[in-house]
Amino acid sequence: MQSPDRPAPTPPAGDGAAAPKKVFIKAYGCQMNVYDAERMADALAPSGYAETQAIEDADLVILNTCHIREKAAEKVYSELGRVRELKQARAADGRDTAVVVAGCVAQAEGPEILRRAPAVDLVVGPQNYHRLPDLVRQAKSARVVDTEFPVEDKFDHLPRASREKVRARGVSAFLTVQEGCDKFCTFCVVPYTRGAEVSRPAVKILADARALAAAGVRELTLIGQNVNAYHGDGPDGGAWTLAKLFEAVAHIDGIARIRYSTSHPRDMDDELIAAHRDLPALAPYLHLPVQSGSDRILAAMNRKHTADDYRRIVERMRAARPDIALSSDFIVGFPGETDADFEETMRLVRDVDYASAFFFKYSARPGTPAATLADQVPEPVKSERLAALQTLLDSQRHAFNAATVGKTTDVLFERDGRHPGQIVGKTPWLQAVQVDAPRALIGEVAPVTITSRGSNSLFGSLVESSAAAA
Ligand code: SAM
Ligand code: SF4
C-alpha cells in the first residue's frame, strides 16, 4: 500500500453526519466486474453509502475497470477526465467527491493511475475491495494504492446485501464460485490481474445461494474466470466439482434455473456434460470460448486443446442435451495468424453453429507473452477478418432466433418491458422475450409461445392457462 503526497481532500458530504452519502459505481467488462461492483456497494452500505445512478449526486465515484483489451483500459482514462470535471464542478458548489479506480486496470497499473489521473484518490485491486470502507477513510488524508494480494479471503469480510437490495437487483443473480486463472493463455492478462485460481468452499457458496433464493432470486449464474475448473472444499471434506455444486444448488427452494460462465474447453469433463443431461434446472446453454479454429494458433495461444478436441466436446454435449445452445469467444489477428488459419476458424464456426458469440480483434497486452511476438497482424487485416466472422456469427444467431418462433417454451419473467402492460423474461437459451402479461408474473416461470422476433428480442404470448392463473 502506498500514499503519495498530496493535499488531503475533505471528507465526502455527510461523513459522520446525518445526511446520507451516495456512491456511484460503474462496472466495465465481464460479469465478474458487474458482480464485484454490487459487492462493493454491499461493503459500503454499513458505512452509510446508498447507491445512486446519477454520478453528479455521488460523494463517492467508483470505476470498476477492465484491462482485457487496450480499448477497455483507455476508456477508463477518458472517463476519469470527465470525472475530474465533475469533481471540480461539485467542489465549486462546496461538495467533495472521492474518486476510486478499482478492478483490473487498478491491479495492472497501480500508482501509474495516480500519476495520469489527478482526480483519483484511491486505487484498489480486485482482491482488496472488502477493505473499501477503511481505504476510503484513509484516502481522505492521502491518496492510497492497495493492490497487494491479501492473505485473507475477501468473501469472508463482505457483508451480504439486504433482502430489499437483492430484490431490487432482480430475480436473476450472479454468484462467484471461483476466481483467478492458472491457464496463462499467451494473450491474456487475467492470471496477472486476478491472480491464481482459487475455488470458494461449497458450504459458503450454498449459504450465499440460499440467502439469495430466500430474497426472491430464481436464477443463479455461478461465475468464475475459469468456472468449470471449480474444485472447492465440500461439506464432506472432499473436493467438490462444479457438477456436484450444481446438484446442491438445484435442491435450494426457489432456484428455478442455474447457469454458469466462463468455461474452458480443457475442463469440460464427463461429469459436467452428464449434469446437462440429468439436471433439469441447469439451463441448456453453454458459453465455451474457443478463440481460434486453427491448431497452430491454438498452440501459440497456449490453449492446450485442438479444434477437433473442441468439436468432440460439442458433439458429446449435444448427445447429452440435444437442445443445448452454444456460445463462444473468438480472437482474430493473433500474432502470426494467416488467411489459412482464419479460414480454419470460419470452418469451425460453420461446423458448430452458434446461438450467439463474442468476437474481438487481438489486442497486445503489456506483460503477456504474445505482446512481444514479431509477426503482429496489421490492423486492416484484423478488421477485415472480424467483419467476415461477425457476418457469419450474426447469420447463425438470427437463424437460431428464427427457429424459436412458433415454439412454446418456459420463460422466467425478470422485469417490466419497454411498453406499459409488457414484461420481459428469458428463454432457457438466454433470449429476451417481450410479453403482454401482468406484472404479478415477474419472478415466475411460465410457458410462452414465441410469436415473432425483432433485432434484439423475441415477442411472445402467454399460454392461456398461465394467463388465467396470473
Ligand atoms: N476465461 C475465459 C476463457 O478462457 O476463454 C475468458 C476470459 S476473458 C475475460 C474474455 C475474453 O476476452 C476471452 O475469451 C478472449 O476472447 C478475450 N480476450 C482476452 N484477452 C484478449 C486480448 N489480448 N485481445 C483480444 N481479446 C482478448
Ligand atoms: Fe485468460 Fe486463458 Fe485464463 Fe481464460 S483461460 S482467463 S483466456 S488465461
Exercise. Here are some conditions: (1) in contact (Cβ under 8 Å) with a residue 24 or more places away in the chain; (2) more than 28 Å from LYS71 (Cα to Cα); (3) β-branched (Val, Ile, Thr). VAL105 meets all but one. Which one does it not meet?
Worked result: (2)
Exercise. Right, GLU271: among the charged types (D, E, K, R) and either more than 16 Å from ligand 1 (Cβ to nearest atom) or more than 20 Å from the chain's Cα centre (by Cα) (or both) or not?
Worked result: yes
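Please go through region 243-266 and give me each residue that is assigned to a loop (DSSP other than H, G, I, E, B) and within 16 Å of ALA325 (Cα to Cα), ordered by number.
In the first step, residues of region 243-266 are kept if they are assigned to a loop (DSSP other than H, G, I, E, B); the result is 251-256, 262-264.
Residues satisfying the conditions are THR262, SER263.
Quick test for you: out of LEU135, LEU175, pick the one residue that is away from ligand 1 (no atom under 16 Å from the Cβ) and more than 30 Å from PRO265 (Cα to Cα). Full working, then the answer.
Values: LEU175 fails: more than 30 Å from PRO265 (Cα to Cα).
After ruling out the rest, the residue left standing is LEU135.
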For this session: Would you mention how many residues in region 274-302 are part of a helix (DSSP H, G or I) and of a type in the set (Val, Ile, Thr)?
Result: 1
Seminar exercise, completed: Filtering region 288-303 for residues that are touching a residue at least 24 places away in the same chain (Cβ under 8 Å), more than 11 Å from ligand 2 (Cβ to nearest atom) and out of contact with any Asp or Glu (no Cβ under 8 Å at 6 or more places or on another chain) leaves a count of 2
For this session: Using the structure shown, decide if VAL189 is more than 25 Å from ALA364 (Cα to Cα) and either surrounded by 21 or more Cβ atoms within 10 Å (Cβ to Cβ) or within 16 Å of ligand 2 (Cβ to nearest atom) (or both).
Result: no
Problem set entry | Filtered residues of region 335-367 (kept if away from ligand 1 (no atom under 16 Å from the Cβ) and more than 20 Å from the chain's Cα centre (by Cα)) | THR338, ASP339, ALA340, GLU343, GLU344, MET346, ARG347, ARG350, ASP351, ASP353
Problem set entry | Which numbered condition GLY232 misses (of (1) more than 16 Å from ligand 2 (Cβ to nearest atom); (2) surrounded by fewer than 21 Cβ atoms within 10 Å (Cβ to Cβ); (3) in contact (Cβ under 8 Å) with a residue 60 or more places away in the chain) | (3)
Exercise. Among the residues of region 310-334 satisfying the criterion of being part of a helix (DSSP H, G or I) and closer than 17 Å to ASN226 by Cβ, which is farthest from ligand 1 (Cβ to nearest atom)?
Worked result: ILE313
Seminar exercise, completed: Among PRO9, PRO20, the single one that is within 16 Å of PRO118 (Cβ to Cβ) and at pLDDT below 95 is PRO9
Exercise. Here are some residues: VAL381, VAL349, VAL377. Which one is β-branched (Val, Ile, Thr), in contact with a helix residue (DSSP H, G or I) (Cβ under 9 Å, 6 or more places away or on another chain), under 23 Å from ILE313 (Cα atoms) and in contact (Cβ under 8 Å) with a residue 24 or more places away in the chain?
Worked result: VAL349
Exercise. Assuming ARG116 fulfils every condition listed in (1) closer than 30 Å to GLN88 by Cα; (2) touching a residue at least 40 places away in the same chain (Cβ under 8 Å); (3) among the charged types (D, E, K, R); (4) out of contact with any Gly (no Cβ under 9 Å at 6 or more places or on another chain) apart from one, which condition is it?
Worked result: (2)
Exercise. Taking region 141-189, which residues are within 30 Å of ALA117 (Cα to Cα), assigned to a helix (DSSP H, G or I) and not aromatic (Phe, Trp, Tyr)?
Worked result: LYS154, HIS157
Problem set entry | When residues of region 56-85 are limited to those that are surrounded by 17 or more Cβ atoms within 10 Å (Cβ to Cβ) and over 21 Å from the mean Cα position of the chain (by Cα), the one farthest from ligand 2 (Cβ to nearest atom) | ASP59
For this session: Considering each of LYS71, LYS87 in turn, give the residue that is assigned to a helix (DSSP H, G or I), within 16 Å of ligand 1 (Cβ to nearest atom), of a type outside the set (S, T, N, Q) and in contact (Cβ under 8 Å) with a residue 12 or more places away in the chain.
Result: LYS71
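Is it true that some residue in region 141-157 is within 16 Å of ligand 2 (Cβ to nearest atom), aromatic (Phe, Trp, Tyr) and closer than 25 Å to GLU109 by Cβ?
Just the residues of region 141-157 that are within 16 Å of ligand 2 (Cβ to nearest atom), to begin with: none.
No; the residues of region 141-157 include none that is within 16 Å of ligand 2 (Cβ to nearest atom), aromatic (Phe, Trp, Tyr) and closer than 25 Å to GLU109 by Cβ.
The values are calculated or read from the model by the stated rules, or taken from the named source; none is laboratory data. Just so it is clear, the model here is predicted, and its values are computed rather than measured. Don't worry about glycine lacking a Cβ; one is built from the backbone with ideal geometry, like all the others, and counts go over all protein chains shown.
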